[in-house]
Structure formats: structure tokens, C-alpha cells
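What follows is a single structure, written as C-alpha cells, with notes after it.
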Amino acid sequence: MIRNSSGKLIKFASVLCATALVFGGCGLFAEEEEAKSIAIVRENMEDEYDIIHCEKHDIKKTAVISCSYKQLMEENLSFPVGDKSVAFVYVNEGDEVKAGDLVAKLDVGQLETDNINMREQVERNEFLIKQVDEKIEYYEKKIESPGISLSTKESYLSKLQSLREKRRSYSDENEFNLIKISANEQQISNGCLYAGMDGNISYIKDNLVGSNVNAGEKVITVLSAGATGFQAQDRGIQSYVNVGDIMVVECPVLNQSFDVKLTSADPDNGKMVFELLEPDFSITVGTRGKITVVQGEANGAFSLPNTCVFETDEFSYTYILNADGVREMRKVEVGLKGDDFVEITGGITEADSVILRRS
């Protein structure tokens, strides 16, 4: 029994030794594994970060505002009368016109001919009236002459009555003709279409010449050259622009850009009007564009990329790598925050190693 117990004790001791060796070996492996893990972390950090320094850059802060093309002032021309065909169109799309220029005319040729004939008739009647008046004056004097016989006087009175009736007929005809001439002149005037303002022809109805038009139907549009452009509305941006500034509107849909001038800015509603420096009738109403406004600039300022600088409600900060190779948060004072760089006015020097996360 004792031998057997001794044997069991020996076996148990052997198991304990083996177990101790195994656990001891595991402890060594864990330390080695831990060392390897730390090395991997440092390697990954090197892959994720670059070290940069505060350097001088030109900083610019911009904002983009949206705008849309508007016809700021236009005039739609129409004839006030209908049921007549258009005889002449004196302009083409894009032509420049001045206020008062004749741009189109209805077929009023018959009215003009009628007026010519009636005016000639009025002149003839005026001549005949003058002759009749002379004869009337002659017979009136004859009647008043002394020693005239009763039969002669009655003959003169009969002739006077006839002359006066003839004069009334001529006068009535002239009065009617003059009324008719005036009415025709009104129709002729209504049949002439004039530009009401300086500008350019932006629209002419298709196949206008020879077509019948309705009263009030738009046939021609004049677009004021001085009042075409883009409108935007942004209260916050108005403090960075001034009336008279020359700017650029980019229209991605048209793949074009246009030079414009800020001609008005309403501080109450933020509405701004940017007029084209040169009219361009290829732009359709509603075309959208964007205008880049510079809100601030700092040339040659010590700065860091935006991605290096972080903010809280109380302060700004960045991360640097200190002399011990440990990452350290550092509060910084900032100036202009641009599109790409932030101006650094204090907190770090050019010698500090700033951590930049790779994108």
C-alpha cells in the first residue's frame, strides 16, 4: 500500500511539474504575443498618419449661392385689333430696337387707300364750298341792291337756297369723311406695332407674316438689355458683396459661365440681382447657376489643413507627436477658417510635429 501510494504520489508530482511547465510556457508565449501586438499597432499608426508642420499658405474662405435666370424686364407686344393679317415684320430675333421703332404692321393697305381717296374728296369739297360761298355772297349783295324787282329778288333767293343746300351737302360729306378718316387712322395706328422700350427682340411668333392674329395675342417680345440676368436670395451672403461687383455665374447644365454685375441687393429679404454684362438669348428662363462668393482671404498665413484642426464649444485643438513619441492634444488659437486651411495664430510653433490623418 505504501509503495502504491508512493507511486501515486510520484505520478501526481509528475503531473504537477508538467502542468507547471505548460503554464509557464504559456506565460512566455503570452509575453511574446503581446510584444508582437504592440508592434503591429505602431505599424498601423504609421500607415494612418503623416507628420506635418505649420506652414505659410494663402487661405481663402468661399461660399456658393444658388441663382436662377430671370427675365427681369420684358415687353410682350400684341395688336389691339384682330381679324387682320400681318403684312410686315421689320425685325428678327436678336435685333436691337429703340423705344418707338416700328417692328410689325397689319395689312391696312385698303384703309390707307381709302383715307387717301377721302382726303382728296375733302379737298375737292373744300374748293367747291369756297366757290359756293363766293356765289352766295354775290347773290346776297344782289338782293340788297336798290331798285331790284320782286321777281328778280325771288329768283336770287331761289338760287341762294340751292347754293346753301349744295354747300350743306359738301360740308356734310366732308364731316362724314373726316370722321371715317379718323376711324381709319385709329385702325391703321392699331395695326402698327412699336417697341415700347430699348432692348432686343427675344421672341417672334412663328410664321407671323401673312397669318391672322387675334386682338391681344402676343406676337413679339422685347427683352430689356439692361435688365436681364440671374436672381439669388441669401441674407447671410450680402455682407460680403457690394452693388457693382463683377462676378461669374457657372451653369453646369449649359457647361458655360457668364460674367455678371450685382446691380441690386435688398437687405430686408436678401434678394440680389446679377445682370449679364452681355445679353445671351441662349439662356432659357429657369436656368440655374451658382456664384462663388469670397468671404475672407489671408495671404501667407501660418496654417494647418482643415482636417488637422478640431473644435469644441469652448476651444479649438489639434494633435501633435511630442518628444517622447506620444500623441498629445494641443489647444490652438485660430484665425480665418478657409476652404482648405485654418489660420493658426497661437498654441503651436513651426517646430511642432502635427498629426495629419490620411484620408
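Among residues of region 316-340 that are touching a residue at least 24 places away in the same chain (Cβ under 8 Å) and not assigned by TED's automatic domain parsing to the domain that holds residue 55, none has a Cβ under 8 angstrom from a residue that is in a strand (DSSP E or B) and of a type in the set (Gly, Ala, Ser) at a sequence gap of 6+ or on a separate chain.
Please enumerate the residues belonging to region 143-180 that are among the hydroxyl-bearing types (Ser, Thr, Tyr) and in a loop (DSSP other than H, G, I, E, B). Within region 143-180, 145, 149 meet the criteria.
A single member of 115, 125 is within 30 Å of residue 182 (Cβ to Cβ), touching a residue at least 24 places away in the same chain (Cβ under 8 Å) and touching a Phe, Trp or Tyr at 6+ places or on another chain (Cβ under 6 Å), and it is 125. Within the option set 215, 232, being surrounded by 15 or more Cβ atoms within 10 Å (Cβ to Cβ), modelled with pLDDT of 90 or more, among the small types (Gly, Ala, Ser) and not in a helix (DSSP H, G or I) holds for one residue only, 232.
With the condition kept exactly as written, say whether any residue in region 202-210 is hydroxyl-bearing (Ser, Thr, Tyr) and free of Cβ contacts under 8 Å to residues at least 24 places away in the same chain.
No, every residue in region 202-210 fails to be hydroxyl-bearing (Ser, Thr, Tyr) and free of Cβ contacts under 8 Å to residues at least 24 places away in the same chain.
Tell me which strands (runs of 3 or more DSSP E) are completely within region 246-302 and hold 1 or more residues being under 29 Å from residue 337 (Cβ atoms) and free of Cβ contacts under 8 Å to residues at least 40 places away in the same chain, or say none if there are none.
On the way: elements: 246-251, 256-265, 271-276.
Per the criteria, 246-251, 256-265.
Screening residue 223 against (1) exposed (fewer than 13 other Cβ atoms within 10 Å of the Cβ); (2) within 14 Å of the chain's Cα centre (by Cα); (3) within 20 Å of residue 100 (Cβ to Cβ) leaves a single unmet condition, (1).
So for region 133-148 (the condition being touching a strand residue (DSSP E or B) at 6+ places or on another chain (Cβ under 8 Å) and without any contact (Cβ under 8 Å) to a residue 40 or more places away in the chain), does at least one residue qualify? Looking through region 133-148, none of the residues is touching a strand residue (DSSP E or B) at 6+ places or on another chain (Cβ under 8 Å) and without any contact (Cβ under 8 Å) to a residue 40 or more places away in the chain. The residue that is surrounded by the fewest Cβ atoms within 10 Å (Cβ to Cβ), among those in region 181-212 that are small (Gly, Ala, Ser) and part of a strand (DSSP E or B), is 202.
The values are calculated or read from the model by the stated rules, or taken from the named source; none is laboratory data. Note that the structure is predicted; figures quoted are calculated from it, not measured. As a convention, Cβ positions derive from the backbone with ideal geometry for all residues, glycine included, and neighbour counts pool all protein chains shown.
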